[in-house]
Amino acid sequence: MTDPIFAFKGEGVAERVINRRKGARHAMMIFVQSDNLMAAEARAYQIAKDNGWSFIVLQKGGEVKIQPSEIDEPYLRAALNDALQIGTATIIYKAELPSNA
């Protein structure tokens, strides 16, 4: 049996991120395979940090209890499929968040 997938909604500030303005804040979603929520959250935070994000805040997280086929949005379905295959997937939303959001 494989570990479950956890999904985290969050945001971070671009530091060393390709195709993102340095200092811009973006919403993100990180999918992580782990055996428990605390370990998954720590891993999601480290993934964001390792990919050039700072001031990372993970606001909500929980176990994904649905199958990719149940997701209407193609980008979310693809991310969940990737997480199931390789253990992690990250979505960075294009629009910059305002500084007071």
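The values are calculated or read from the model by the stated rules, or taken from the named source; none is laboratory data. In this text, all values refer to a predicted model and were calculated from it rather than measured experimentally. When we count neighbours, we look across all protein chains shown, and the Cβ atoms used for this are built from the backbone with ideal geometry, even at glycine. Heavy atoms of the whole protein, side chains included, go into the accessibility calculation; ligands, DNA and RNA do not. Shrake-Rupley method; radii C 1.70, N 1.55, O 1.52, S 1.80 Å.
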Helix-only mean residue ellipticity at 222 nm for the chain, each DSSP H run of n ≥ 4 adding -39500 (n - 2.57), per residue, nearest 500: -8500 deg cm²/dmol
Rounded percent of accessible protein surface that carbon and sulfur make up, the chain, 1.4 Å probe: 53
Relative contact order [Cα under 8 Å, 6+ residues apart], the chain, whole percent: 36
For the stretch 73-80, 3J(HN,Hα) per residue [Karplus equation, 6.51 cos²θ - 1.76 cosθ + 1.60, θ = phi - 60°, Hz, x = Gly/Pro]: 6, x, 5, 6, 4, 5, 5, 5
Charge tally in the Cβ shell below 10 Å around N36, where Lys, Arg are +1 and Asp, Glu are -1, N36 excluded: -4
Label-point separation, N36 to Y75 (7 Å along Cα→Cβ), nm: 3.4
P(r) histogram, all alpha-carbon pairs of the chain included - 5 Å bins from 0, percent: 2, 14, 25, 23, 18, 12, 5, 1, 0
Lysine pairs in the chain with Cα atoms under 22 Å, if 8 or more residues apart or on separate chains: 10
Accessible area in square angstrom per residue, the chain, 1.4 angstrom probe: 63
